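Below is one structure, written out as structure tokens; the observations come after it.
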Amino acid sequence: MKFIFTFLFVFTYISTAFSQESNTLSFANFETDFFTYKPEQKKSVTNDHFSFAEYVIAETKKSLNNEVSNYNVIHYWNILTALDMLKEDKGTILLAFQKMAELEGSCKYIVNYKDKISFYKTITGMYEHYYSQCKKRDTLVGTN
């Protein structure tokens, strides 16, 4: 009996750890972690939202062709949109946003789509910070 309990405990622990690993996105390895990310439908996510997010993730992965060097602002924007639709935790959405915001060309998206995105509500503080930085930069460069 003790053997069965130990086996079940170890099996559950390993299974849980493995499934969490495949869906953990870290700042240092975000780009490679994303290739193994598998969307999971939470109870609060509609079938339509889940299907669309799953499609966006699959198409983004296909577009990246398993090459970390292929990432651009649009890839991160699509990932953000999908993560938001999947109702991923705030930390994960912040992480994806920060990765996107560091790229050249991100200000165009941050400034132009502020009122058109749903993840703004989730990451308002960070979004506003980058938004004001982008507006300042545009004003200094004279492109506003």
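Only the coordinates and a few stated rules stand behind these numbers; no lab work does. The structure presented is a predicted model; accordingly, all values stated were derived computationally and were not measured. Neighbour counts are summed over all protein chains in view; Cβ atoms, including those assigned to glycine, are modelled from backbone coordinates with ideal geometry.
Key figures
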{"quantity": "Protection proxy ranking of 87-93, 114-120, 76-82, 63-69 - average other beta-carbon atoms within 10 Å, highest first", "calculated": "76-82, 87-93, 114-120, 63-69"}
{"quantity": "Dipole magnitude of segment 27-141, debye to nearest 20 (Cβ charges: Lys/Arg +1, Asp/Glu -1, about Cα centre)", "calculated": "300"}
{"quantity": "Rounded to whole Å, sorted largest first: equivalent-ellipsoid semi-axes of segment 27-141, Cα gyration tensor", "calculated": "24, 17, 12"}
{"quantity": "Out-of-range pairs (alpha-carbon distance over 25 Å; input Lys38/Lys114; Lys43/Lys114; Lys87/Lys116)", "calculated": "Lys38/Lys114; Lys43/Lys114"}
